[in-house]
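The values are calculated or read from the model by the stated rules, or taken from the named source; none is laboratory data. Model, not experiment: these values are computed from the prediction. When we count neighbours, we look across all protein chains shown, and the Cβ atoms used for this are built from the backbone with ideal geometry, even at glycine. Protein only, heavy atoms only, side chains kept; ligands, DNA and RNA dropped before computing areas. Shrake-Rupley method; radii C 1.70, N 1.55, O 1.52, S 1.80 Å.
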Amino acid sequence: MPDRSGHPGRRWSVGGAWMLVAVLVLAAPASAAELVIMATTDIHANIYPWDYYANAPSDNVGLAKIYTLVKEIRASHPNTLLFDNGDLIQGTPLASYLVAKGIPQPGELHPIIDVLNRMGYDAATLGNHEFNFGLDYALTTIAGARFPYVLANVYHPGTQDPYFTPYVILDRSIDGEPIRIGVIGFVPPQIMVWDRTHLTGLVEAGSILEAAQRFVPEMKAQGADIIIALAHTGADPGNRSENVAYTLAEEVPGIDVIIAGHSHLEIPGPGLPQVPDGKVNGVQLVQPGFWGQYLGVVTVSLEKEGGSWKVVDTKAELRSTASVEAAPEVLAWAEAVHEAVVSYVNQPIGETLALISSRPSLLTDTAVIQLINDVQLYYARQWLQGTEYADLPLLSAAAPYKSGRGGELDFTEIPAGGITIGDVASIYIYDNTVKILKITGAELKAWLEHAAQKFQEVTPGRGEEPMY
Ligand code: MN
Ligand code: MG
């Protein structure tokens, strides 16, 4: 066969070029792909961008705005997942309305779960507030979900048998290739204190870290290519009990992405300012604030090697819903319950002769706190009548609820005139249960000292100093 180049060196150079190409092909992975994980946390019963207390639109809350972002991301990425991280069904008058009406009954769909079903959520976990209305209410609610609920650190009493499904392995495909996605859920074990009356004897909650140490290796053994923790817990470095997301990343190998929550902070951002990219020990943390202010988005770069996928990089960001239009589909899905709640909260139930404001509640007595205490004392006195405790001095404690924690609009302001159910919900925003405790003078003193820790010591005459 004639040599076309007529030069042996040329053949080498051509051959060398081909070899170089061959080496590049061998060095490239069998497959590389991107997976986009979307997450919500601490939605607290916000579907419409609406403030039921003020009876006015609210800019950056609600699943309707979240869904607009979800649709955009789904339109531009073939491989996406959507998760909710708990504290979903409590927090607005919409939630209180449903509980008051006994919705859902067994077999009935909770309107918020209906929205999550239609939005196409892939999995979710329970937050502490899911237990506020009792275990049966939580179970009836999640029974309507067309996606799995996972929770690994709650057990049948006296056992290590998980009460809920601890984790799932979702079989999906990425660019036509199968991938096994492990999803595990956690809740602060403090639910046993906060909802003691609802949960004692029915379930027991244990350490998040211990549950992770137990189940993550199981998930790996079942072939999970990637492990995502739906961790309804904040990220306080060093914390091992309530807000353990940081410690979880440091101590439990195998988790790739942690969706954090519960502390209502943002990661990347003020929830972990010392870690600007949200990566702790190579684990990607993301925490999308609360009420639907942000959608958490984690972009995971994967490579397939030897038959299994490997995470090679992650990137987290929070997408604000502030200037996002509400998705009309979500508004339509929830219209009936939204309208019912608006008319419910606008029912007049009384009248005030003066402005009721919570603004200085952290600094001094206000009408809002006094009203709560008066109501608590009114009922407590009735309960104690005719009992051995009737003659004991009776005190009332109330927390300054709407006192600015959620921003400059997070106050109660009720002008003179009619009072509605919505106004009352603004005065007392949580679905708590009033309890009477018998205590000693020493315990009272210790409790007052504990409450005083909220405040800084200021020196009179020194000028402006932060008070808390
Ligand atoms: Mn919450
Ligand atoms: Mg919480």
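Quick notes on this one:
- Candidate set from the range 305-318 (those that are open to solvent by less than 80 Å² (accessible area, probe 1.4 Å) and in contact with an Asp or Glu (Cβ under 9 Å, 6 or more places away or on another chain)); member that is farthest from residue 268 (Cα to Cα): 308
- All positions within the range 64-94 that are within 20 Å of residue 425 (Cβ to Cβ) and of a type in the set (A, V, I, L, M): 88, 89, 94
- The lone criterion from (1) closer than 23 Å to residue 168 by Cα; (2) more than 13 Å from ligand 2 (Cβ to nearest atom) left unmet by residue 267 is number (1).
- Top-ranked residue in the range 51-79 [being more than 13 Å from residue 295 (Cβ to Cβ) and buried (at least 21 other Cβ atoms within 10 Å of the Cβ); ranked as modelled with the lowest pLDDT]: 53
- Number of the exception - residue 316 against (1) more than 16 Å from ligand 1 (Cβ to nearest atom); (2) in contact with a strand residue (DSSP E or B) (Cβ under 7 Å, 6 or more places away or on another chain); (3) of a type outside the set (Lys, Arg); (4) more than 23 Å from residue 70 (Cβ to Cβ): (4)
- Considering the range 267-287, the residues that are within 15 Å of ligand 1 (Cβ to nearest atom) and assigned to a strand (DSSP E or B) include one that is farthest from residue 128 (Cα to Cα), namely 267.
- The range 408-428 - residue that is under 31 Å from the mean Cα position of the chain (by Cα) and open to solvent by 30 Å² or more (accessible area, probe 1.4 Å) and, of those, nearest to residue 348 (Cα to Cα): 421
- Candidate set from the range 247-266 (those that are within 16 Å of ligand 1 (Cβ to nearest atom) and open to solvent by 10 Å² or more (accessible area, probe 1.4 Å)); member that is farthest from residue 90 (Cα to Cα): 266
- In the range 364-389, the residues that are over 22 Å from residue 410 (Cα atoms) and either open to solvent by 50 Å² or more (accessible area, probe 1.4 Å) or in contact with a Lys or Arg (Cβ under 8 Å, 6 or more places away or on another chain) (or both): 374, 375, 378, 379, 381, 382, 383, 385, 386, 387, 388, 389
- Considering the conditions (1) more than 27 Å from residue 309 (Cβ to Cβ); (2) away from ligand 2 (no atom under 13 Å from the Cβ), residue 254 is excluded by exactly one of them, (1).
- The residues of the range 191-200 that are in contact with a helix residue (DSSP H, G or I) (Cβ under 8 Å, 6 or more places away or on another chain) and exposed (fewer than 14 other Cβ atoms within 10 Å of the Cβ) amount to a single one, 200.
- Of all the residues in the range 113-134, those that are within 24 Å of residue 234 (Cβ to Cβ), away from ligand 2 (no atom under 16 Å from the Cβ) and not aromatic (Phe, Trp, Tyr) number 3.
- Qualifying residue in the range 214-222 (condition: within 25 Å of residue 168 (Cβ to Cβ), within 16 Å of ligand 1 (Cβ to nearest atom) and not β-branched (Val, Ile, Thr)): no
- Pairs where the first residue, in the range 431-446, is more than 18 Å from residue 380 (Cβ to Cβ) and open to solvent by less than 80 Å² (accessible area, probe 1.4 Å) and the second is at pLDDT 95 or above and in a helix (DSSP H, G or I), C-beta under 9 Å, 6+ apart: 431/95; 431/99; 431/129
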